[in-house]
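Q: Mind looking over this structure? Questions follow.
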Amino acid sequence: MSRRTASLLGGLLAALAMLLLAAPAASAHTELESSTPKDGARLTRTPATVELVFSEPVEPGDVRIEVAGKRLAVSRGGSGGDAVRVTVPKSAGQDRLTLVWQVLDMEDGHSTSGTLSFPLTAKAPADTAPADTAAPAVPQPNGTVHTAWITARWVGYLALALYVGGLAFLALLWPQGATDRRTRRILTLAWAAGLAASLLTPGLQSAYGAMGTFADVFRRSTYADLSATEVGGVAACRVLMWVLAAVVLAAVLQGGARAARSPGWRVGALAVALGLLRTTGMTGHNAEGDHPGWGAVADLVHLLGVSIWLGGLTLLLLGVLPRRRPEELSAVVPGYSTLAGLSVAAIVAAGVVLTWQVVGSFDALVDTGYGRLLLVKTAVLLLVSAFAQLSRGWVRTRLDIAVLLRGDRATVRPFVHSVAAETGLVLVVLAATSLLVTSAPGR
């Protein structure tokens, strides 16, 4: 590769990285700020209209308002785009008017719901007010869709980690692994799973936010409505990045070790990896808080660290160790140990930033379900880090013996058990991450 070509590729990579890092990410969830009449106000008659003002601009089609189980027509209200207005039928309430509202935040797919209740005093004197009747139940998302959404996110994270981490492992530590049959299958399956998850997750997210059923995931209208939102735009970019990832994968599968060592292939793989990591983090909670830019950077570092860690563990477990080649063990295992240590340090540092960005206070960390789930994830991560640190010295000693004995099965087997245990714990961390992404932070 000529110096001019290398410079051009480097410039394109830098431009892509700046574009991805500068792209807007998800904001805080849409909340109801006020209403006219005010919630709880005693009214002498059923109001002709009720106006709801939200914390950010909303589309009338994303707001659902019901009274006595009947959906009301929603129109735009106010002048800033953050208000909607509904016309209330005169027969809507006898002694009390109760509106059940639900708004879909299409930036991250979460829905917010609640009720507005107005006593109608003209039909019941104030000194003999009737006992309050039970308010209608606030609509709840479909549990099956929610479970499927969490599963799809977990599969997407796992595929991303295996693909990005696997390519990094080949490029930095084990180029000859590009010809290994098991390694090629892992990378191919990771790519296929990542593409499938990127296609399915937006539909699940949209159906979940709209309180729909699993059948709604496969309706054309679901994706048509999604295409005009930020979530739809990010999803389309993610699918495009997985399509480009197929080109990078095909190049290394065809070129083998020579391609894995090529500067041109490494630049392309790095660009695609950054694109996949950034588009994955753009629909999470990283932009919440006072410094969303720091959240975006921390999220990118966090995902990259987990990918290198888990992807490397998987190829080490299923690719390097089964071959039991002394020269590969002596070259790859120490190098990966160092790389994993750096990845864990990056994960911890980025996790601190993300925790403060999303949770914002110690009280929210211990008093909300989201905060407690984040503590569980952190505890598992610390457990994995301690396990990896304790096993590092043991691995160095056993590695020397394994190399001297020319990769004897008995000496390699302890590596397999150690790496398998660490891999399992990291998968638990990924599961907690999927739950966090599909949960709304309680602040």
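Taken together, the values in this text are just the output of simple stated rules run on the coordinates, not laboratory data. For clarity, every value in this text was computed on a predicted model and none was experimentally measured. Because the Cβ atoms are built from the backbone with ideal geometry, glycine has one as well, and the counts that use them run over all protein chains shown.
Q: For Ala236 and Thr115, compute 0.36 nm times the residue count separating them, minus their Cα-Cα distance, and round to one decimal in nm.
A: Answer, rounded to one decimal: 40.1 nm.
Q: Also, I was wondering about something else. For region 176-216, just say rounded, prolate or oblate: build the C-alpha gyration tensor, square-root its eigenvalues into a ≥ b ≥ c, call rounded for a/c under 1.5, and beyond that prolate if a/b exceeds b/c, oblate if not.
A: Prolate.
Q: Place a label point 7 angstrom from the Cα of Ala192 along the Cα-to-Cβ direction, then list the residues of region 205-249 whose backbone nitrogen is under 14 Å away.
A: No residue qualifies, since no backbone N sits under 14 Å from the label point.
Q: While we're here: Give me the distance in nm between label points sitting 7 Å out from Cα along the Cα-to-Cβ direction at Ala349 and Gln94, one decimal.
A: 6.6
Q: Please list, by residue number, everything in region 316-345 whose backbone N is under 19 Å from a paramagnetic label point 7 Å out along Cα→Cβ of Arg181.
A: What the label zone holds, given the 19 Å backbone N cut-off, is 316-325.
Q: Additional query: Sort Phe169, Phe218 by Cβ crowding within 10 Å, fewest neighbours at the top.
A: Listing Phe169, Phe218 from fewest to most nearby Cβ atoms yields Phe218, Phe169.
Q: Let me ask something else. For the pair Lys70 and Thr213, how long in nm is the line joining their label points, each one 7 Å along Cα→Cβ?
A: Rounded to a tenth, the inter-label distance reads 2.4 nm.
Q: What does the charge count near Leu270 come to, summing +1 for each Lys or Arg and -1 for each Asp or Glu among other residues with Cβ under 15 Å from its Cβ?
A: +3
Q: Between beta-carbons, use under 10 Å as the cut-off and find the net charge around Arg85, counting Lys and Arg +1, Asp and Glu -1.
A: So the surrounding residues net to 0.
Q: Any chance you could run the full-extension gain for Arg258 through Arg42? It's 0.36 nm times the residue separation minus the Cα-Cα distance, nm to one decimal. Numbers along the way, then the final one.
A: Values: separation 216, 0.36 × 216 = 77.76 nm, distance 7.73 nm.
Extra length from Arg258 to Arg42 when fully extended: 70.0 nm.
Q: What list do you get for Arg258, Arg182, Arg153 if you sort them by fewest beta carbons within 10 Å?
A: Details: Arg258 12, Arg182 15, Arg153 25.
Going from sparsest to densest Cβ surroundings: Arg258, Arg182, Arg153.
Q: Another one. Quick query: amide H of Leu97 versus all other amide H atoms, modeled in the peptide plane; which residues come in under 5 Å with a sequence gap of 5 or more or a different chain?
A: Correct list: Phe118, Leu120.
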